[in-house]
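Following: one structure in structure tokens, then a few remarks.
The values are calculated or read from the model by the stated rules, or taken from the named source; none is laboratory data. Nothing here was measured: the structure is a model prediction, and the numbers come from that model. Cβ coordinates were reconstructed from backbone atoms using ideal geometry, including for glycine residues, and neighbour counts include every protein chain displayed.
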Amino acid sequence: MTAVLDLSLDPGRPGVVVAAVHEALDGLAAVDDASDVSEAIVECERAIRRLEALKLRLVATAAASRAAQSSGHSSTGAWLASRTKAAHARCARDVKLASALESGLSATAEALDAGRVSSEHASVIADATAKLPDSLSPQQVATVEHRLVEKAHELDPVQLRRVARRALEAVERDRATVDAQENQLLVDEEAAALARTRLTLHDNGDGTTSGHFTVPTLAASMLRKVLDAMTSPRRGRLGATSAQVGDPAVRRDPAHDRGLAFAQVLEHLPTDRLHGKVAATVVVTLDLETLRGQLRAAGLDTGDLVSASEARRLACSAGLVPAVLGGDSQPLDLGRAKRFFTEAQRVAGATVHTSCAAEGCDVPYAWTEAHHRMPWSLGGTSDLRDQVPLCGFHHRRVHDPAFLHRYRPNGRLTFHRRT
């Protein structure tokens with residue numbers, strides 16, 4: 001059954017269009033046919049994005065007509081929260097984005113109207129263009145916006161935000177200028193992160209304490225590496241008994257596992273030497289010029305970036321290993337002298353890889369395991385060039401006889417089931 005609403009009287013009014021959507025949804029039959037689920041989900045997401053675009057246009061109209069003031073609200077965001085019963089923070093973001101789209105981001109607004117990008121993508125683009133140098137012409141800003149919209153078709157909002165830090169590349173050929181702009185954005189983000197850093201603890205009165213914290217991404221990366229190492233280790237060799245590795249049929253709760261690991265971390269804090277080495281070692285990749293003072297971002301092996309000044313500040317800490325390109329290093333080619341890759345090779349690998357080597361996998365390098373490109377049993381070596389970082393899932397898959405794997409020219413692996 002398909003519900004149809006007669007729009008012939010006034011099809012252009014937003015309220016009439018939205019009413020038609022509601023009526024069509026009310027008449028939808030039960031979703032029990034899996035044959036077209038994939039395409040339907042994609043089109044459903046596109047429709048949601050188009051409705052988000054419509055809502056943002058309506059919010060912009062409400063702001064222009066001063067609907068908030070006429071109804072006694074302090075701001076359009078407060079008015080929107082009152083009308084929709086949505087969170088105030090979200091409504092404030094919607095008002096900000098609606099204003100940005102109305103004030104010149106025509107390419108972004110058009111892509112959002114068509115459902116090609118989401119409101120999260122649009123927020124990233126609006127934020128990135130607002131932080132461009134004031135010296136750029138309107139045409140240059142439009143060029144940057146178009147480039148980001150193109151990227152938004154390929155990337156999720158988190159990936160787009162990382163790319164957007166270097167959005168100036170679309171109109172600036174001097175790499176040093178782009179590097180300096182990216183570094184300044186990171187400096188600003190780090191300063192804002194420090195200002196927002198908080199920790200609250202609440203005794204629940206039942207033997208537990210709940211807390212909430214906001215910390216800079218670098219500190220969170222260190223904590224995450226510790227907790228991941230404690231909650232996701234290999235617990236036994238292939239074929240080990242359940243007594244050794246646990247029952248694989250028992251479903252684990254990752255949040256519970258992390259909570260137990262966090263409790264262990266707190267119980268073993270070295271309070272007698274808090275100034276010493278921290279438990280997590282984060283690898284920072286930077287070149288010698290950055291270490292000496294050049295304004296260029298440095299990469300973490302967790303996939304994040306830090307500013308040059310932050311990297312130099314941390315370079316003297318035992319909790320961070322600076323992998324300085326162009327400097328002296330430990331021997332990294334071991335041939336067949338050793339069976340396993342060394343810690344030095346793991347560190348060096350962070351200068352080459354940012355994630356799992358499997359095609360399409362974005363698990364950070366810090367969470368991967370070192371795999372021999374040529375198996376040791378077949379004469380492979382433990383040289384750096386033969387180290388392939390794989391996440392736990394893909395490391396198991398590469399050894400699974402039910403699958404074939406192939407290395408692409410870019411070094412990525414693809415998998416195919418054996419026929």
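Each row is one residue, and each column tells you yes or no for (1) under 30 Å from ALA68 (Cβ atoms); (2) in the same structural domain as LEU58 (by TED's automatic domain parsing); (3) assigned to a helix (DSSP H, G or I).
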{"residue": "ARG93", "(1), (2), (3)": "yes, yes, yes"}
{"residue": "ARG116", "(1), (2), (3)": "no, no, no"}
{"residue": "ALA126", "(1), (2), (3)": "yes, no, yes"}
{"residue": "LEU136", "(1), (2), (3)": "no, no, no"}
{"residue": "GLU150", "(1), (2), (3)": "no, no, yes"}
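Quick one: would you say VAL124 is surrounded by fewer than 16 Cβ atoms within 10 Å (Cβ to Cβ), closer than 19 Å to ARG49 by Cα and of a type outside the set (Gly, Ala, Ser)? It is false that VAL124 is surrounded by fewer than 16 Cβ atoms within 10 Å (Cβ to Cβ), closer than 19 Å to ARG49 by Cα and of a type outside the set (Gly, Ala, Ser). Scanning region 94-121 for residues that are more than 19 Å from GLU43 (Cβ to Cβ) and either in contact (Cβ under 8 Å) with a residue 60 or more places away in the chain or of a type in the set (S, T, N, Q) (or both) gives SER99, SER103, SER106, THR108.
For region 17-42, what are the residues that are of a type in the set (Val, Ile, Thr) and modelled with pLDDT of 80 or more? First the steps, then the outcome.
Going through region 17-42, the residues of a type in the set (Val, Ile, Thr) turn out to be 17-18, 21, 31, 37, 41-42.
Passing the criteria: VAL17, VAL18, VAL21, VAL37, ILE41, VAL42.
When ARG162 is tested against (1) under 21 Å from the mean Cα position of the chain (by Cα); (2) assigned to a loop (DSSP other than H, G, I, E, B); (3) touching a residue at least 12 places away in the same chain (Cβ under 8 Å), just one condition goes unmet, and that condition is (2). If only residues of region 64-82 that are over 32 Å from the mean Cα position of the chain (by Cα) and in a helix (DSSP H, G or I) are counted, the one that is surrounded by the fewest Cβ atoms within 10 Å (Cβ to Cβ) is SER70.
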